[in-house]
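S.K.: I have a structure I would like to understand better, so I am pasting it below and will then ask my questions one at a time.
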Amino acid sequence: MESAGFWRLLGGMRQVVLGGETDWAGWRTATRALVLAGVGPGDVEWVVGGVPDALPEVAGSFNVPRALVGLAGLAIQAREPVRFGLLYRLVWRAHRGEVVLDDPDMALAGRLAHAVRAEAHRMRTHMRFMALGDGFLGWYAPAHFVLEANAQLIVRRFPAWPLTIVTSDGSAHWDGGRLWFGAGLAQACDDETLRAWWEAHADAILADARDGTSVPEAEDLDEAPRPPDRPALGPVVFPVASDPALADARLQAAGCERCDLCDAATQTVFGEGPADADVMFVGEQPGDQEDMIGRPFVGPAGQLLDRALEEAGIDRRAIYITNAVKHFKFTLRGKRRIHVSPSPEEIAACGFWLETERGRVRPKLVVLMGGSAARGVLGRAVAVTRERGQAIMLADGQVVFVTVHPSYLLRVPEGEAQLREYRAFVRDLVAVRGLLGV
Ligand code: URA
C-alpha cells in the first residue's frame with residue numbers, strides 16, 4: 001500500500017524524495033517498496049532534498065545478490081546524479097531474475113564504487129589538520145560523498161582528541177566520545193578562513209552534540225604495543241621556531257621532492273621548537289599520527305618520550321625536535337599503514353633539511369634517538385647499543401649523544417624488561433641534562 005507523501009505522483013511518475021545525497025536507508029526502503037509495488041525503473045524519479053515522509057508498509061520481501069548490495073552501498077556515495085536510478089534498475093532487474101552481474105549497468109555501478117573507494121582512501125590518508133585548542137580541525141573537498149561513511153575511520157586515529165572535519169558537503173565532529181554531522185563550507189579555504197568558520201559556528205555545532213552517536217572502542221592503529229602505564233598526555237601545541245630562515249626552510253620543505261617518499265605521505269613533517277634551543281632531539285621519521293597531524297612526536301612514541309623527558313626534568317617546550325627523514329614511509333596492510341624504516345639513500349636525501357635545522361638552531365647538544373637519526377647526522381651506520389650514552393664531538397665542534405629510539409621501548413615485551421629499558425632511557429636523558437649543565 002502506498003501512503004500519501006512517500007512518493008509523489010507526478011504525471012504518472014513516482015518521485016521519491018531522499019533525505020540527502022547519502023540517504024542509504026531512504027533509498028533502500030524506497031527501493032524495497034517500489035519493487036514490491038511493481039513500479040518499473042522507467043516510472044521512478046529520484047530527487048534529493050526535503051524531509052522524506054513516513055514510509056509505507058509494503059508486505060513481502062525479496063533477495064538480491066549480496067555483491068549487489070555491497071556495491072550499491074559504495075556507488076550511492078558517488079557524485080553522480082544518475083546513481084539512484086541506476087542502482088534501482090539493477091535491483092529491479094535482479095529481482096526479476098535477470099543476470100545483472102556482467103552487463104553495462106553493472107559495469108557503470110562498479111566504476112562508481114571504485115571511484116568512491118579510491119576517494120575514501122585519499123581522504124583518509126591526505127587530510128591535513130591544524131591544531132585547534134586541545135583538538136584538531138581540517139578541511140577537505142571530496143570528489144564524492146564520502147564524509148559520513150569515513151568519518152568514523154578518521155576519528156579513530158585520534159580517539160582521545162576533539163576533531164572536526166569540514167568538507168564542501170558537510171562537516172563531522174568528534175568530541176572524544178560522540179560523532180555528529182553538520183553543515184559544510186562550500187568554498188576552498190585557507191587556514192585562516194577555516195578557523196574563522198569554526199569560531200562563527202562552534203557554539204551551534206557543540207550544541208548539536210547531544211544528537212551524536214558514540215563510536216566503538218578504537219583499535220590501536222600503531223604497530224607498537226602500549227606500555228602498561230602509558231600516560232594520557234595528549235598533544236601539546238608548541239610555537240614553531242621564530243627564526244625567519246628556519247621558517248623559510250619549513251615552507252620550502254613542504255614541497256620537497258628530494259626522494260619518492262613525498263608521493264605516499266600526507267605531508268612533510270618539519271621540526272619544531274625554539275630556534276635558540278640548547279638541545280635538539282632527532283628521531284627517525286614521522287609515524288602514522290605525525291603524518292596526519294603534521295607535527296613530530298605526537299603519537300605513541302612521542303607520548304612515551306614526553307613522559308621520559310618529564311621524568312628526566314627536561315621541558316619539551318625548550319627543545320627543538322625533528323626527524324632524520326621528514327616524510328612517513330609505510331606499507332599498506334589492509335587498511336593499516338605500517339611503518340617501514342627509511343633507506344640510507346632516503347636518509348641522505350633528507351639530510352639537507354636536517355643540516356639546515358642544525359645550522360640554524362646550532363644547539364649545544366644533538367640527541368640522536370636510534371640508528372636512522374645517528375646515520376642522518378654522523379653519515380655512517382651506528383651500532384646504537386655500543387655507542388649509546390657517549391658524547392661525541394663532531395668536526396664542526398657540535399656535540400652529539402646517541403641513545404635508543406622511544407619506539408624501541410614500545411616494542412620490548414611488556415613487564416620487567418620494558419620497565420628496565422624505559423629506566424635506562426630516562427637515565428640517558430638525565431645524562432643529557434648533565435651535559436647541558438642544567
Ligand atoms: N617516530 C619518530 O622517529 N619520529 C616521530 O616524529 C614519531 C615517531
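S.K.: Considering only residues of the stretch 401-428 that are among the hydrophobic types (A, V, I, L, M, F, W, C) and within 31 Å of the chain's Cα centre (by Cα), which is farthest from the ligand (Cβ to nearest atom)?
M.R.: LEU419
S.K.: Now a separate question. Among the residues of the stretch 171-202, how many are open to solvent by 60 Å² or more (accessible area, probe 1.4 Å), among the acidic types (Asp, Glu) and at pLDDT 85 or above? Explain how you work it out, then say what you get.
M.R.: Initial filter on the stretch 171-202 (open to solvent by 60 Å² or more (accessible area, probe 1.4 Å)): 178, 181, 183, 186-188, 190-192, 195, 199-201.
Subset that is among the acidic types (Asp, Glu): 190-192, 199.
Filter once more, so that each one left must be at pLDDT 85 or above: 199.
The qualifying residues number 1.
S.K.: Please enumerate the residues belonging to the stretch 68-80 that are under 29 Å from the mean Cα position of the chain (by Cα) and either more than 17 Å from ALA118 (Cβ to Cβ) or surrounded by 12 or more Cβ atoms within 10 Å (Cβ to Cβ) (or both).
M.R.: VAL69, LEU71, ALA72, GLY73, LEU74, ALA75, ILE76, GLN77, ALA78, ARG79, GLU80, listed by residue number.
Conditions tested, residue by residue: (1) open to solvent by 20 Å² or more (accessible area, probe 1.4 Å); (2) outside any loop (DSSP other than H, G, I, E, B); (3) farther than 28 Å from ARG124 by Cα; (4) among the aromatic types (Phe, Trp, Tyr).
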site: PRO342; (1), (2), (3), (4): no, no, no, no
site: ILE347; (1), (2), (3), (4): no, yes, no, no
site: ARG386; (1), (2), (3), (4): yes, yes, yes, no
site: GLY389; (1), (2), (3), (4): yes, no, yes, no
site: PHE401; (1), (2), (3), (4): no, yes, yes, yes
site: TYR408; (1), (2), (3), (4): yes, yes, no, yes
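S.K.: Of the residues ASP306, ASP278, ASP315, which single one is touching a helix residue (DSSP H, G or I) at 6+ places or on another chain (Cβ under 9 Å), within 15 Å of the ligand (Cβ to nearest atom), more than 24 Å from LEU261 (Cβ to Cβ) and open to solvent by 20 Å² or more (accessible area, probe 1.4 Å)?
M.R.: Step by step, each of ASP306, ASP278, ASP315 is checked, and only ASP306 is touching a helix residue (DSSP H, G or I) at 6+ places or on another chain (Cβ under 9 Å), within 15 Å of the ligand (Cβ to nearest atom), more than 24 Å from LEU261 (Cβ to Cβ) and open to solvent by 20 Å² or more (accessible area, probe 1.4 Å).
S.K.: Taking only the stretch 371-400 into account, find how many residues are within 16 Å of the ligand (Cβ to nearest atom) and under 12 Å from ASP428 (Cβ atoms).
M.R.: 1
S.K.: Further, regarding this structure: Within the stretch 320-335, restricting attention to residues that are in a loop (DSSP other than H, G, I, E, B) and within 13 Å of the ligand (Cβ to nearest atom), which residue is most open to solvent (accessible area, probe 1.4 Å)?
M.R.: Narrowing the stretch 320-335 to residues in a loop (DSSP other than H, G, I, E, B): 324-329, 334-335.
Okay, now just the ones that are also within 13 Å of the ligand (Cβ to nearest atom), so 324-329.
Values: ALA324: 2, VAL325: 2, LYS326: 3, HIS327: 17, PHE328: 5, LYS329: 44 Å².
So the residue we want is LYS329.
S.K.: Can we say ARG157 is in a helix (DSSP H, G or I) and among the basic types (Lys, Arg)?
M.R.: no
S.K.: Failed condition for ASP103, given (1) open to solvent by less than 40 Å² (accessible area, probe 1.4 Å); (2) in contact (Cβ under 8 Å) with a residue 12 or more places away in the chain, with all others met?
M.R.: Single failed check for ASP103: (2).
S.K.: Condition check: within 13 Å of the ligand (Cβ to nearest atom) and either surrounded by 24 or more Cβ atoms within 10 Å (Cβ to Cβ) or assigned to a helix (DSSP H, G or I) (or both). Does GLN252 satisfy that?
M.R.: The answer is no for GLN252.
The values are calculated or read from the model by the stated rules, or taken from the named source; none is laboratory data. Because the structure is predicted, anything quoted here is derived from the model rather than measured. Note that each Cβ is placed from the backbone with ideal geometry, even for glycine, and that neighbours are counted across all protein chains shown. Just so you know, the surface numbers come from the protein's heavy atoms only, side chains and all, with ligands and any DNA or RNA stripped out. Shrake-Rupley method; radii C 1.70, N 1.55, O 1.52, S 1.80 Å.
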